[in-house]
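Have a look at the structure below before the remarks.
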Amino acid sequence: MRAFIVVSGLLISTASTASARVDFTPFTSEATARGLSYLVAPYGAGPGFLGSGLCAADLDGDGNTDVVAMGKATGIITVFRNLGGGMFAQQVSGIASMPLGSSVAAGDFDSDGDLDLVFSQMGGPPRLYRQDAPFAFSDITTQGGLAGDHAGRSIAWVDTNGDGRIDILMACYTGYTTATANSTTRLWRNQGNGTFVDVTVSSGLGVPMKSFVVTPFDFDHDGDADLYFSNDRGYTAPSYMGNRLYRNDGGFFTDVSEGCGASPGYDSMGVAVGDLDENGLVDLMTTNIATVNQPLGAINPLFMAVSIGTFQESSVAWGIVPPIADETGWAVHLFDADNDGLLDVFLNNQFTPDRFFRQDLRGHTLEMAEAANLLGSTGVAFCSVVADFDNDGGLDILSNHSSGNLRLMMNHEAIERSWLELRIRGESFNRDAVGARLVIQANGHAMARQVFAGGTGYLGMNDSRIHAGCGNAPTASVQVWWPNSSSTRMLSNLPTSKRWSIYPPSSLGDGNFDREVDGQDLLRFDQCAAQNSMTAGCEMFDFDGNSVLNAVDRNALLVRISHDAADVNDDGLVNGGDLALLLSGWGGNESGDINHSGLVDAVDLALLLAAWG
């Protein structure tokens, strides 16, 4: 029997009794054939012996996921443009070599519509590159206010204080070198003018930790980003600093690790987040190093959320156990490899074959790395990222194995089932809705997701598009909660095996993206509504979220047009400020001419009052 609980007003399924499945169409290795040629340094060469990052992101906004690769012995960073269908070409980018480079993340910090890049270094400040034109980046590290000699590991973009601007969050391995003896995880706040300010201490952070990854995720569903620290050597003197959980309290972070169940001290590296058991709460999985003198031995811990803020280690119960004593894990991902609606597990290992655990329908996993052709190579693997590189609806895996070329494993099993890929459009300055939370319901599953821009896996960034497997379901429903906001939307009957953009309530009706809803948008609506069904590019007109454009949506659009016309001062509200401007222009033909008659008169006043509030 499948049990259900209610979380945030949603009916959530928790288990199933169908038998395990052992068949799986193998992934195929296709990096070189697809144009990804990048030789990773040998294990032990410079900072690379702790791994180097990868980034999967649509840098030019064409709908194809591009790649940023790190790890060459020379420090050369290569950007690969996805030409479509998962075929790549090297792109001149303007990004300088970084021999000390660690991690990379893509985010639109200046809200200009394209993705910028930030890199961490094992010694030195993070490097900030602004994208000025497609694939043309400028180093603005100094003018952006980023400085310091840091033991930088994972790096991420996240809005920590709710001002709508994405900040830079970087994990640091305190004391890894003499020069970084005082280096702690750093938080730089986005000032909105191209500069950042270090607010680490004033935000409640800055405690010395040997952090490999700090993951921003909303564990308590209050709309803001909390933090989970993955700390190495957490069982050793002098700090004895195990993994830590910090709650975001209005931009100040409070340590709530005590008693949470996810903060033991061990050799913790990579972090994955996801709702494995579909109870509506986010679970945590971390990797570990095999050693006999630490509390968790060789287990890669799986911390299942049993209530908000409370976790239970459950790796053995879920079948995620090492087959040999010397397994050492780094990157880890929870993703739906076969599009059945259940999350699976992929682990990069350092000296032993990689691991792949497929979740069957009984609520536990089955190890299938060999059957899925995901054992990896003889090279040491630290970092991997997950994305649908060829846009076929299946999530692929890109890894950088030492002393070898990048390894791109293409997914063929997932295309047997339906799926959704969702790009969440943001509010205000956070154009890509970093931190948004979703629940997708299809085929009897309720799939919780969150929009990330780095901070998961190990040193890499997965594609920020939301992916959900839908089994054999022809449609799905989606609920979205925008970060640091009261905005939410529920969409129903959304056709599967398609890519959709989901817009916040404030953007509905703006079909030409000029931030004003007017007659041009009405023309665009009529073109969209004339089609037999809703198509990509028309989603912003679906006011009632039923995946059909009809008279209800047209009437809502007309209301929005009237409202925007009456919003004389363009502040999003129709109130006394607009009335004052209209009256100041009375009898003229400028401010307040709502109906564009050439004269501000009583008709305009009536229109304003009709849209009041």
For this session: Return the total of residues in region 434-468 being touching a Pro at 6+ places or on another chain (Cβ under 7 Å) and within 13 Å of Ser501 (Cβ to Cβ).
Result: 1
Exercise. Scanning for something of a type in the set (Lys, Arg), under 18 Å from Leu115 (Cβ atoms) and open to solvent by 50 Å² or more (accessible area, probe 1.4 Å), does region 78-100 turn up at least one residue?
Worked result: yes
For this session: Hey, can you tell me all the residues within region 474-521 that are open to solvent by 40 Å² or more (accessible area, probe 1.4 Å) and aliphatic (A, V, I, L, M)?
Result: Met490
Exercise. Restricting attention to region 509-524, does a residue exist that is among the aromatic types (Phe, Trp, Tyr) and not in a helix (DSSP H, G or I)?
Worked result: yes
Problem set entry | Extreme residue, most open to solvent (accessible area, probe 1.4 Å), among residues of region 428-473 that are among the polar types (S, T, N, Q) and more than 22 Å from Ala105 (Cα to Cα) | Asn472
For this session: Just one of (1) open to solvent by 10 Å² or more (accessible area, probe 1.4 Å); (2) touching a Phe, Trp or Tyr at 6+ places or on another chain (Cβ under 8 Å); (3) part of a strand (DSSP E or B) trips up Leu420, so point out which.
Result: (1)
Exercise. Residues in region 322-352 that are touching a Ser or Thr at 6+ places or on another chain (Cβ under 7 Å) and open to solvent by 40 Å² or more (accessible area, probe 1.4 Å): how many?
Worked result: 3
For this session: Tell me, yes or no, whether region 198-216 has at least one residue that is aromatic (Phe, Trp, Tyr), modelled with pLDDT of 95 or more and open to solvent by 10 Å² or more (accessible area, probe 1.4 Å).
Result: no
Problem set entry | Hits in region 123-147 (condition: closer than 21 Å to Thr174 by Cβ and hydrophobic (A, V, I, L, M, F, W, C)) | Leu146, Ala147
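Of all residues in region 527-575, which are of a type outside the set (Val, Ile, Thr), outside any loop (DSSP other than H, G, I, E, B) and free of Cβ contacts under 8 Å to residues at least 24 places away in the same chain?
Across region 527-575, the qualifying residues are Gln527, Cys528, Ala551, Asn555.
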Seminar exercise, completed: Note on region 536-579: residues open to solvent by 40 Å² or more (accessible area, probe 1.4 Å), closer than 23 Å to Ile502 by Cα, in contact with a helix residue (DSSP H, G or I) (Cβ under 7 Å, 6 or more places away or on another chain) and among the hydrophobic types (A, V, I, L, M, F, W, C) are Phe543
For this session: May I ask you to say which residue of Gly379, Gly393 is more than 24 Å from Asp283 (Cα to Cα) and surrounded by fewer than 18 Cβ atoms within 10 Å (Cβ to Cβ)?
Result: Gly379
Seminar exercise, completed: Of the residues in region 338-355 that are in a strand (DSSP E or B) and under 14 Å from Val321 (Cβ atoms), the one that is modelled with the lowest pLDDT is Asn349
For this session: Spot the failing condition for Arg355; the list is (1) within 25 Å of the chain's Cα centre (by Cα); (2) over 14 Å from Trp330 (Cα atoms); (3) open to solvent by 10 Å² or more (accessible area, probe 1.4 Å); (4) of a type in the set (D, E, K, R), and only one is missed.
Result: (2)
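Which one of these is of a type in the set (Phe, Trp, Tyr) and either in a strand (DSSP E or B) or more than 28 Å from Phe513 (Cβ to Cβ) (or both): Phe109, Phe88?
Phe88
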Exercise. What's the number of the condition Ser597 fails, among (1) within 21 Å of Tyr503 (Cβ to Cβ); (2) of a type in the set (Gly, Ala, Ser); (3) free of Cβ contacts under 8 Å to residues at least 24 places away in the same chain?
Worked result: (1)
Problem set entry | Residue count for region 281-305, restricted to those that are among the small types (Gly, Ala, Ser) and modelled with pLDDT of 95 or more | 1
Exercise. Conditions: (1) out of contact with any helix residue (DSSP H, G or I) (no Cβ under 9 Å at 6 or more places or on another chain); (2) on the phi < 0 side of the Ramachandran plot; (3) open to solvent by 60 Å² or more (accessible area, probe 1.4 Å); (4) not basic (Lys, Arg). Gly613 meets all but one. Number of the miss?
Worked result: (2)
Exercise. Quick check, is Ala179 surrounded by fewer than 22 Cβ atoms within 10 Å (Cβ to Cβ) and not in a loop (DSSP other than H, G, I, E, B)?
Worked result: yes
For this session: Mind counting the residues in region 113-164 that are surrounded by fewer than 17 Cβ atoms within 10 Å (Cβ to Cβ), among the small types (Gly, Ala, Ser) and in a strand (DSSP E or B)?
Result: 3
Seminar exercise, completed: Taking region 580-604 and keeping only residues that are among the aliphatic types (A, V, I, L, M) and open to solvent by less than 50 Å² (accessible area, probe 1.4 Å), one is left with Leu582, Ile594, Val600
Problem set entry | Number of the exception - Ser384 against (1) hydroxyl-bearing (Ser, Thr, Tyr); (2) part of a loop (DSSP other than H, G, I, E, B); (3) buried (at least 22 other Cβ atoms within 10 Å of the Cβ) | (2)
For this session: Residue by residue through region 522-535, note down the ones that are open to solvent by 70 Å² or more (accessible area, probe 1.4 Å) and of a type in the set (Gly, Ala, Ser).
Result: Ala530, Ser533
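The values are calculated or read from the model by the stated rules, or taken from the named source; none is laboratory data. Everything numeric in this text was worked out from a predicted model, so none of it was measured. All Cβ positions, glycine included, derive from the backbone under ideal geometry; neighbour counts span all protein chains shown. Only protein heavy atoms, including side chains, enter the accessible area calculation; ligands, DNA and RNA are left aside. Shrake-Rupley method; radii C 1.70, N 1.55, O 1.52, S 1.80 Å.
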